[in-house]
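Reading through the structure tokens given below for one structure.
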Amino acid sequence: MVTIKEAAALTGVSEYTLRAWEDRYGVIAPQRTPSGYRIYSDADLDQVKTMASLITAGLAPRAAAAETARRHQLGSVEDPFAELIAAAATLDARRLSAELGRRFTSYDFEVLVRLWLMPAMKRLGEEWREGNLGVASEHLVAAQVMRRLSAAYDQATPKPAAVQILIGAPPGVDHQLGIFAFAVACRRLGLNTTYLGGQLPTSAWSDAAERARPDAIVTTIPRLRDAPKVALLAAQLRSTGIPLWVGGRHQQSATEPARQLGHDIPDAAVQLDRATRIAASASEKTRL
């Protein structure tokens with residue numbers, strides 16, 4: 001048991017905020033000494049750390065408090081991916097749809113991607129590598145997630161006269177969840193995105209660039225063996241002068257002039273939006 005001062009030092013959350021979270025949201029209920037001073041258990045500290053991490057990820061305090069309470073039911077931290085994995089393991093499409101529906105409607109898209117969706121896909125891959133899930137389970141989840149992402153993409157509306165972005169996966173890459181989630185994030189910012197899908201041949205990229213004359217092109221390097229394909233694409237597009245941006249787990253393997261987006265999808269979308277708007281403004285001034 002520790003005092004509020006010690007709790008603040010251990011969690012990085014100020015004493016004022018600890019009191020506010022207790023009074024406003026009931027997320028913690030520290031015991032009191034006979035003289036009325038708050039004392040915090042290890043379970044209290046865990047809940048504070050959970051709530052702080054959720055707020056850092058983008059949840060509003062009230063939503064973070066509700067999620068913290070849900071995760072700490074009966075004093076134990078709930079696995080946020082347990083229902084997804086269980087539904088996938090049994091190929092229960094209805095159960096999986098219900099879980100994805102709950103997740104996609106509980107948070108703003110950017111928070112969902114950062115806090116749950118991409119970590120869930122990582123966990124799914126780990127379960128597959130450990131032999132707990134089969135290929136059919138992965139395909140079931142991918143199909144249902146892509147449908148949810150497609151709906152989110154269609155609901156977003158580009159801004160008038162927005163910059164044009166071509167987005168897709170290079171030849172040999174058909175894992176599209178990350179790059180498509182990025183396309184959704186860009187479109188929600190108002191960017192005029194054209195999503196070209198996976199397995200796009202290098203020659204098709206060149207043709208698309210010539211026809212659309214986009215302000216930027218975005219692709220991904222999800223596996224190390226995909227890096228040479230993106231290097232070839234970068235070399236082929238160099239003469240167009242169109243910036244090539246690269247995301248994915250192995251984006252650091254991209255060769256110049258390709259630019260790395262980083263690994264946080266919502267932040268990467270903001271970065272691309274800012275960079276393309278600055279470049280478009282500079283180009284307009286040059287023409288004037």
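For Gly178, indicate whether it is under 22 Å from Trp245 (Cβ atoms), in contact (Cβ under 8 Å) with a residue 60 or more places away in the chain and not assigned by TED's automatic domain parsing to the domain that holds Arg95. Walk me through how you get there before you give the answer.
Numbers: under 22 Å from Trp245 (Cβ atoms): yes; in contact (Cβ under 8 Å) with a residue 60 or more places away in the chain: yes; not assigned by TED's automatic domain parsing to the domain that holds Arg95: yes.
Yes: the conditions hold for Gly178.
Is at least one residue of the range 157-167 under 28 Å from Thr50 (Cα atoms) and either loosely packed, with under 13 Cβ neighbours inside 10 Å or among the β-branched types (Val, Ile, Thr) (or both)? Full working, then the answer.
We begin by selecting, within the range 157-167, every residue under 28 Å from Thr50 (Cα atoms); these are none.
So far as the range 157-167 goes, no, none of its residues is under 28 Å from Thr50 (Cα atoms) and either loosely packed, with under 13 Cβ neighbours inside 10 Å or among the β-branched types (Val, Ile, Thr) (or both).
Could you tell me whether the range 176-199 includes any residue that is over 26 Å from Ala152 (Cβ atoms) and surrounded by fewer than 20 Cβ atoms within 10 Å (Cβ to Cβ)? Walk me through how you get there before you give the answer.
First pass over the range 176-199, keeping only residues over 26 Å from Ala152 (Cβ atoms): none.
The answer is no, given that none of the residues of the range 176-199 is over 26 Å from Ala152 (Cβ atoms) and surrounded by fewer than 20 Cβ atoms within 10 Å (Cβ to Cβ).
For the range 123-143, name all the residues that are closer than 19 Å to Phe104 by Cβ and exposed (fewer than 13 other Cβ atoms within 10 Å of the Cβ).
Ala143
All but one of (1) among the hydrophobic types (A, V, I, L, M, F, W, C); (2) on the phi < 0 side of the Ramachandran plot; (3) at pLDDT below 95 hold for Leu74; state the number of the condition that does not hold.
(2)
Kindly evaluate Arg114 against the criterion of being surrounded by fewer than 20 Cβ atoms within 10 Å (Cβ to Cβ), of a type in the set (D, E, K, R) and in a helix (DSSP H, G or I).
Numbers: surrounded by fewer than 20 Cβ atoms within 10 Å (Cβ to Cβ): no; of a type in the set (D, E, K, R): yes; in a helix (DSSP H, G or I): yes.
Taking the combined requirement at face value, the residue does not satisfy it.
Suppose we filter Ala88, Ala20, Ala82 for residues that are touching a Pro at 6+ places or on another chain (Cβ under 9 Å), hydrophobic (A, V, I, L, M, F, W, C), farther than 24 Å from Ala268 by Cα and modelled with pLDDT of 90 or more; which single one remains?
Just one listed residue meets the conditions, Ala20.
Criterion first (more than 29 Å from Arg148 (Cβ to Cβ) and free of Cβ contacts under 8 Å to residues at least 12 places away in the same chain) does Ile278 satisfy it? Break it down stepwise before answering.
Numbers: more than 29 Å from Arg148 (Cβ to Cβ): yes; free of Cβ contacts under 8 Å to residues at least 12 places away in the same chain: yes.
Spelling it out, Ile278 is indeed more than 29 Å from Arg148 (Cβ to Cβ) and free of Cβ contacts under 8 Å to residues at least 12 places away in the same chain.
Which count do you get for residues in the range 1-38 that are of a type outside the set (Gly, Ala, Ser) and in contact with a Leu (Cβ under 9 Å, 6 or more places away or on another chain)?
To start, the set of residues in the range 1-38 that are of a type outside the set (Gly, Ala, Ser) comprises 1-6, 10-11, 13, 15-19, 21-25, 27-28, 30-34, 37-38.
Then keep just the ones that are in contact with a Leu (Cβ under 9 Å, 6 or more places away or on another chain); that gives 2, 4, 10-11, 28, 30, 38.
Residues in the range 1-38 being of a type outside the set (Gly, Ala, Ser) and in contact with a Leu (Cβ under 9 Å, 6 or more places away or on another chain): 7 in total.
The values are calculated or read from the model by the stated rules, or taken from the named source; none is laboratory data. This one's a predicted model, so the numbers in the text were calculated from it and none came from an experiment. Glycine also receives a Cβ, built like all others from the backbone with ideal geometry; neighbour counts cover every protein chain displayed.
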